[in-house]
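To start, the structure under review is shown below, and the notes come after it.
The values are calculated or read from the model by the stated rules, or taken from the named source; none is laboratory data. Treat the numbers as computed from the prediction; the structure is a model and nothing was measured. Counting neighbours? That spans all protein chains shown, and the Cβs are built from the backbone with ideal geometry, glycine included.
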Amino acid sequence: MTGRPYAVPVPKGYRVGPWEVGEPVASGAFATVYEAVRDASGVPGTSDGGEPPRRAALKFLPTGTRTPRQLHHLRDLAEREVQVLRRLRAPRLIRMYDALTVDDPDRPELDGATVLVLERAEGSLDAVLARTPVPESGPALLAQICEGLHQLHHAGWVHGDLKPANVLLMADGSVRLADFNMAAELEGTHAYTPAFATPDYTPPELLWPEVDERGTRIRPSADVWAFGVLAHVVLTGAFPLPGGTSETRSDAAMRYARGREELRLSPALPDAWRDILRDCLAPTHAERATDTAVLLRRVEEATGASRSARLPRLRPRRWRRPVLSAAVTAAIAAAVSLAYTAPWEPAPAAAAPPTCEKPVVYEDAAHGAGYMAGHSGTWDFTIKRGDGGSQVRELQCLLRHLHGIEEVGEVDGDFGPKTQGAVVTFQQRAGLDADGMVGPATWRALRKSEESR
């Protein structure tokens, strides 16, 4: 494996059922996707009677080295995605060929992991936008995205995390919606989903939601809002609400919902899309254009393309690994959810991955040299007591093994009172505001030492 922070490290050549694991495709906080080739002999057919393809993508959802609370949460995410993909078959939704469970007691980090065998994509809309902020094919892409959203809603489901990273492009340029671990089946007008999402694509009413034992109540209008934000990004290269960070844009969304901020659509937005986006981005759920069948017709009309229009072949860019002072690379911000991003090139054979006990120096394009403990490359994601995940685990690793603060307690990915106390101790040493929260200033100090300056 390379120096990137893989959620589930799987060696090349590892076999799961008839599938042989190849190169990594993408990784986030809760899953890692690998290329895979199947053994042609003795392969069972797919659920619809066909034969699975020779090549696919394997999405590994972890079970090892986690706390009981994290394990319960990860199982819930995996079960949601499997349930959606088993029950729904639609042209604009990514196809799942099989769901497997790893049985390998000799590898506790993999034993029991859920593996989804998925249709292989060329890349994600996120990668396209990174290369071309306002792609010429944007309107045609949006028509297919809206079609996928309509197919999902028509079947009685809410996606819950629509964003560019969860929109995949196939070899022919056609679109698939993916990553359904936040999806939920409607019960009347509502569904219940885990209590987190991507802030920039979350409607104002869900930025501070009421959460009960079943999760957050969500409506289809949340997906419509997300589509409106996504469409504005694709068509203009900018978010529809002001702010230089996700936090400031979320604040603007809250002010907008309360009538203290106006929706200022970009002058670059084509006229044919203005009314559509205003209806998608209405401040309350009741005012939004929630009938996706009608919304799709309006989007197709604004696009000016036939309903069966195909896009030219779109290939994601190949990401180059940044140069590291220790000949090791690792720079990826952990995501809450994952589909495919862009494939990356393998590291040199001599590269050694960072570990919790042995953080390594890496070069970040925006922030310079700093230490990584192998789980999260973030410099600006704010975490606090009560949070959990890979960012918290890296915080604990850096406190204990780079700065010698053993009072942090166990490296378990849970931001509890011991971790908060250790953060306060570090902030006092570093001359920072000792508030016990880890924001950009604390991350910068955590990642620096005399060797990396």
Does E136 fit the bill of being among the acidic types (D, E) and in a loop (DSSP other than H, G, I, E, B)? yes
Name the single residue that is surrounded by the fewest Cβ atoms within 10 Å (Cβ to Cβ) among those in the range 146-180 being under 15 Å from P220 (Cα atoms) and among the aliphatic types (A, V, I, L, M). A155
Taking interchain pairs and intrachain pairs at least six residues apart, which have beta carbon atoms under 9 angstrom, with the first residue in the range 278-299 and modelled with pLDDT of 95 or more and the second of a type outside the set (A, V, I, L, M) and part of a loop (DSSP other than H, G, I, E, B)? D279/R288; C280/R288; L281/P203; L281/P240; L281/R288; A282/R288
When you look at L141, is it part of a helix (DSSP H, G or I), crowded, with 22+ Cβ neighbours inside 10 Å and not hydroxyl-bearing (S, T, Y), yes or no? yes
Against the definition (polar (S, T, N, Q) and at pLDDT below 85), how does N166 come out, yes or no? no
Would you point out which residue out of R255, R274, R297 is touching a Leu at 6+ places or on another chain (Cβ under 8 Å) and assigned to a helix (DSSP H, G or I)? R274
Quick check on my filter: what residues within the range 242-270 are under 15 Å from E205 (Cβ atoms) and among the hydroxyl-bearing types (S, T, Y)? S250, Y256
Report yes if V21 is farther than 28 Å from H150 by Cα, at pLDDT 70 or above and assigned to a loop (DSSP other than H, G, I, E, B), otherwise no. no
Scanning the range 393-422 residue by residue, those within 27 Å of the chain's Cα centre (by Cα) and in a helix (DSSP H, G or I) turn out to be R393, E394, L395, Q396, C397, L398, L399, T419, Q420
Note: among A183, A195, just one is buried (at least 22 other Cβ atoms within 10 Å of the Cβ), at pLDDT below 80 and either assigned by TED's automatic domain parsing to the domain that holds L269 or under 18 Å from L265 (Cβ atoms) (or both), namely A183
